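Remarks on the structure that follows.
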């Protein structure tokens, strides 16, 4: 009887371990691109059909695991839209290391936007280039913090926005991490108290701030319309 009881306890423990491990794998592998797309050529074909926001990860990466729930939450929102503006998916860089090396992915997680097979055009602003960048043309800047959940939700739409002005090279989409070394002084000068804060600059001047559409949401279309409207208004001044 004791042997039977011990065997049952061991079996139950094994089942629990397997269940937890399986749940962990399900978390890791949600929103993975369909298997055929992982091959180099098929992946490139897929990201040319519709904008893709890709998370490159490795199963053993603790930061990747920590980011998974937020990434999946955003993916559920975008991927289930009737006409999605961007698809969110993941690439396992252990299984598809050749693909990851092609895009110079050597840190995990790495988030990358693709449109027409090309990488994101979002400019990364720092204390060293901020003023020189915003002095040229029109620059729409997202001031953010890496820990901000709203910033993470906005990220795919912000990257997609960077492709919306192909015939207007003087319009730049940029972002600045206010927690990065040296950047906090600039964010203080710009009176940034909430994240994300979206400010439009023209020739170095603050000309507008976007707080969302009528539903207080930051969609690609609403942000594009904000910039386009501001462009026409200020071009007429």
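The values are calculated or read from the model by the stated rules, or taken from the named source; none is laboratory data. The model shown is predicted, which means the values in this text are computed figures rather than measured ones. Cβ sites come from the backbone with ideal geometry, for glycine too, and all protein chains shown count toward neighbours.
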(message) Looking only at the range 189-206, how many residues end up being touching a residue at least 60 places away in the same chain (Cβ under 8 Å) and surrounded by fewer than 17 Cβ atoms within 10 Å (Cβ to Cβ)?
(response) 2
(message) Being touching a helix residue (DSSP H, G or I) at 6+ places or on another chain (Cβ under 7 Å), assigned to a loop (DSSP other than H, G, I, E, B) and surrounded by 12 or more Cβ atoms within 10 Å (Cβ to Cβ) is the requirement here; does residue 121 meet it?
(response) no
(request) Hey, can you tell me all the residues within the range 134-177 that are in contact with a strand residue (DSSP E or B) (Cβ under 9 Å, 6 or more places away or on another chain) and either on the phi > 0 side of the Ramachandran plot or in a loop (DSSP other than H, G, I, E, B) (or both)? (result) 135, 136, 137, 145, 146, 162, 163, 164, 165, 168, 170
(request) Taking residue 105 as the residue in question, decide whether it is over 14 Å from the mean Cα position of the chain (by Cα) and within 29 Å of residue 72 (Cβ to Cβ). (result) yes
(request) Kindly provide the set of residues from the range 79-107 that are surrounded by fewer than 19 Cβ atoms within 10 Å (Cβ to Cβ), closer than 20 Å to residue 154 by Cα and in contact (Cβ under 8 Å) with a residue 12 or more places away in the chain, ordered by number. (result) 79, 84, 85
(message) Suppose we filter the range 66-93 for residues that are within 17 Å of residue 49 (Cα to Cα) and under 14 Å from the mean Cα position of the chain (by Cα); how many remain?
(response) 8
(message) Being at pLDDT below 80, over 17 Å from residue 108 (Cβ atoms), assigned by the TED database to the domain that holds residue 109 and surrounded by fewer than 14 Cβ atoms within 10 Å (Cβ to Cβ) is the requirement here; does residue 26 meet it?
(response) no
(message) Considering only residues that are closer than 15 Å to residue 128 by Cβ and surrounded by fewer than 17 Cβ atoms within 10 Å (Cβ to Cβ), which ones fall in the range 177-188?
(response) 180, 181, 182, 184, 185
(request) Determine whether the range 78-95 contains at least one residue that is in a helix (DSSP H, G or I) and over 25 Å from residue 180 (Cβ atoms). (result) yes
(request) Could you tell me which of the residues 146, 166, 156 is over 30 Å from residue 66 (Cβ atoms) and either touching a helix residue (DSSP H, G or I) at 6+ places or on another chain (Cβ under 6 Å) or modelled with pLDDT under 90 (or both)? (result) 166
